[in-house]
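Read-outs: derived from the displayed coordinates by stated rules, not from any lab. Because the structure is a prediction, the values reported are computed rather than measured. Positions of Cβ are backbone-derived with ideal geometry, glycine not excepted, and every protein chain shown enters the neighbour counts.
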Amino acid sequence: MKYVVLIVTIVLFSFGNETHRVSLSEENTLELTGDSLKIFDFNQLQNYLSSKDVNKTYVVNFWATWCAPCVKELPYFEQLNANYLNKDVEVILVSLDFPKQIDKKLKPFLQKNKLKSEVIVLNDVDSNTWIPKVNENWSGAIPATIIYNKSKKKFYERSFNYNELETELKQFIK
């Protein structure tokens, strides 16, 4: 875990003040074999981090293809998405993959793994600003997950197996 924090810190600081953006359509989407891949800055992502539908519970996971613990737990989020699809639960996977790697790494990964959950790419290099807005205690390490609904919100800076993830979700959908 400490290596993931170190890698994330080094990578995020290596961007400096440069702006790295991917060319997008006006809707901020990239085509991914018929599906669209949303690419947002943090201001756009914030809509996904607070209650939109009063009857839903949201599971938002921050991950990247270069993060081994993230990739290991992705099938559990996919399983949760499938098992709770008709139970007002929505899984959103927020990729922190580097913009230059979207075509080479992220898109092939998504195609190979046939992810059904909504995937959003966070393309905002100002991590010192947005990380504490996600959670004031977040170190920036991934994987990290938020589970929330209209009445409560909980942040997890850790990996999950399926049973652990489902146990946490059940606290929200009693």
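Taking only the C-alpha atoms of the range 36-91, Rg followed by Dmax gives 12.7, 34 Å.
When the inverse distances between all different Cα atoms of the range 61-112 are averaged and flipped, the Kirkwood radius reads 11.9 angstrom. The alpha-carbon of LYS107 sits under 16 angstrom from the alpha-carbons of these lysines, leaving out residues fewer than 8 places away in its chain: LYS38, LYS116. This ranking places TYR58, TYR156 by how few other beta-carbon atoms lie within 10 Å of each, fewest first, which gives TYR156, TYR58. Listed from fewest to most Cβ neighbours within 10 Å, the set GLU73, GLU118 follows the order GLU118, GLU73. All Cα-Cα distances of the range 32-149, cut into 5 Å bins from zero to the largest, leave 2, 10, 22, 25, 22, 13, 5, 0 percent in each bin in turn. Peptide packing for 95-104, 141-150, 78-87 was compared via the average number of neighbouring C-beta atoms within 10 Å per residue; ordered from the highest value, the list is 141-150, 95-104, 78-87. Would any residue of the range 72-86 have its amide N under 12 Å from a label point 7 Å out along Cα→Cβ of SER117? List them or say none. Counting backbone N atoms under 12 Å from the label point, the list is 72-84.
For the residue pairs LYS56/LYS105; LYS87/LYS114; LYS72/LYS114; LYS87/LYS154; LYS112/LYS153; LYS112/LYS133, the C-alpha atoms sit more than 25 angstrom apart in LYS56/LYS105; LYS112/LYS153; LYS112/LYS133.
Among VAL71, THR145, TYR84, flag the residue with its Cα farthest along the positive direction of the charge dipole of the range 26-174, charges on Cβ as +1 for Lys/Arg and -1 for Asp/Glu. Going by the Cα projections, it comes out as TYR84.
For the Cα trace of the range 109-174, dividing Rg by the Kirkwood Rh returns an Rg/Rh value of 0.99. Straightening the chain between SER50 and ASN137 buys 29.6 nm, computed as 0.36 nm per residue apart minus the Cα-Cα spacing.
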